[in-house]
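The values are calculated or read from the model by the stated rules, or taken from the named source; none is laboratory data. Bear in mind the structure is a predicted one, so any value in this text is a computation, not a measurement. All Cβ positions, glycine included, derive from the backbone under ideal geometry; neighbour counts span all protein chains shown. To get the accessible areas, we keep the full protein, side chains included, count just its heavy atoms, and leave off ligands, DNA and RNA. Shrake-Rupley method; radii C 1.70, N 1.55, O 1.52, S 1.80 Å.
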Amino acid sequence: MAEKQVPSTIKDEALVIKRRNQMIKGAVSLFIEKGFHKTTTREIAKASGFSIGTLYEYIRKKEDVLFLVCDSIYQRVKERMEDSIDPSQTSINSLVHAIRSYFQLMDDMQDEVLVMYQEVKSLSRDAQDYVLKKERDMVAMLEEVIINSFPGERPEEHVKLIANNIFVQGQMWGFRRWILQRTFTIDTYIDTQVQLLLKGLDSEVEGTLQ
């Protein structure tokens with residue numbers, strides 16, 4: 001889908017990947033500093049280390065760069081989550097490990113995630129749908145590990161809400177870091193969020209047994 005969204009005149013796939021990675025890195029720093037709309041393609045080319053002519057061999061328009069940035073961010077998050085989640089595991093430790101890995105990645109990529117959510121509205125509707133489908137897939141992975149980690153049946157709407165809460169709490173570290181980092185390190189933030197989640201889940205289980 002990404003290739004269809006952003007065609008290139010270059011046939012060397014390895015070179016396309018290399019140049020687009022340079023483009024993504026350069027664009028993120030500019031989008032953080034100036035925002036998407038105030039950044040020019042010439043500035044993106046310069047930050048990427050090549051000419052404006054070379055830039056247009058790999059994209060058609062500036063919006064293509066934003067799509068590549070968003071797509072790359074979601075792909076990295078998805079890969080980290082896939083590495084940390086084993087659907088065959090049925091213990092609470094599996095969920096805790098998945099949460100820790102996801103939150104840590106949100107700390108590693110806080111600037112990129114912030115840019116993505118600020119600027120994704122500038123993508124076309126089709127590109128937005130493609131990028132946000134990746135988010136729905138990642139939330140579905142959390143839903144699966146929640147179901148596997150706790151015995152007994154749990155209402156589907158509860159599982160969906162818990163999974164979305166975890167997803168947003170990870171992103172919140174980047175969105176609210178200016179205030180959260182006055183009180184927490186990333187490690188103490190993760191520990192506290194995990195404790196609150198498990199306490200809430202235990203209370204829910206107890207409530208269903210009464």
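Restricting the search to segment 4-31, which residues are aliphatic (A, V, I, L, M), crowded, with 18+ Cβ neighbours inside 10 Å and farther than 14 Å from Ile59 by Cα?
Val28, Leu30
Could you list, in sequence order, all residues of segment 126-157 that are under 20 Å from the mean Cα position of the chain (by Cα) and open to solvent by 70 Å² or more (accessible area, probe 1.4 Å)?
If the condition is that a residue be under 20 Å from the mean Cα position of the chain (by Cα) and open to solvent by 70 Å² or more (accessible area, probe 1.4 Å), then Asp126, Asp129, Lys133, Arg136, Glu144 are the ones that fit.
Residues that are closer than 27 Å to Asp137 by Cβ and β-branched (Val, Ile, Thr): which helices (runs of 4 or more DSSP H) entirely in segment 1-76 hold 1 or more of them?
13-34
What are the residues in segment 77-128 that are touching a Gly at 6+ places or on another chain (Cβ under 6 Å) and either among the hydroxyl-bearing types (Ser, Thr, Tyr) or not in a helix (DSSP H, G or I) (or both), if any?
Residue satisfying the conditions is Tyr102 alone.
Check segment 96-112 and report whether any residue there is of a type in the set (D, E, K, R), modelled with pLDDT under 85 and crowded, with 17+ Cβ neighbours inside 10 Å.
Looking through segment 96-112, at least one residue is of a type in the set (D, E, K, R), modelled with pLDDT under 85 and crowded, with 17+ Cβ neighbours inside 10 Å.
Pairs, please: C-beta under 6 Å, at least 6 apart or cross-chain, first residue farther than 9 Å from Lys78 by Cβ and in segment 127-143, second among the aliphatic types (A, V, I, L, M) and part of a helix (DSSP H, G or I)?
Val139/Ala163; Leu142/Ala163; Leu142/Ile166; Glu143/Val159; Glu143/Ala163
Applying the selection to segment 43-55, what residues are of a type in the set (A, V, I, L, M), open to solvent by 20 Å² or more (accessible area, probe 1.4 Å) and farther than 19 Å from Gln118 by Cβ? Working first, answer last.
Step one: of segment 43-55, the residues of a type in the set (A, V, I, L, M) are 44-45, 47, 52, 55.
The next check asks that each one be open to solvent by 20 Å² or more (accessible area, probe 1.4 Å); those that pass are 47, 52.
The one that is of a type in the set (A, V, I, L, M), open to solvent by 20 Å² or more (accessible area, probe 1.4 Å) and farther than 19 Å from Gln118 by Cβ: Ile52.
Considering only residues that are without any contact (Cβ under 8 Å) to a residue 24 or more places away in the chain and closer than 19 Å to Met116 by Cβ, which ones fall in segment 22-42? First the steps, then the outcome.
Let us first name the residues in segment 22-42 that are without any contact (Cβ under 8 Å) to a residue 24 or more places away in the chain, namely 25-26, 29-30, 33-34, 38-40, 42.
The answer is Lys25, Gly26, Ser29, Leu30, Glu33, Lys34, Lys38, Thr39.
Checking Lys160 against (1) under 30 Å from Phe36 (Cα atoms); (2) open to solvent by 30 Å² or more (accessible area, probe 1.4 Å); (3) in a helix (DSSP H, G or I); (4) free of Cβ contacts under 8 Å to residues at least 40 places away in the same chain, which single condition isn't satisfied?
Lys160 satisfies every listed condition except (1).
Show the residue pairs that are 6+ apart or on different chains and have beta-carbon atoms under 9 Å apart, the first residue being within segment 164-192 and within 16 Å of Ser101 (Cα to Cα) and modelled with pLDDT under 95, the second being of a type in the set (A, V, I, L, M) and assigned to a loop (DSSP other than H, G, I, E, B).
Gly174/Met109
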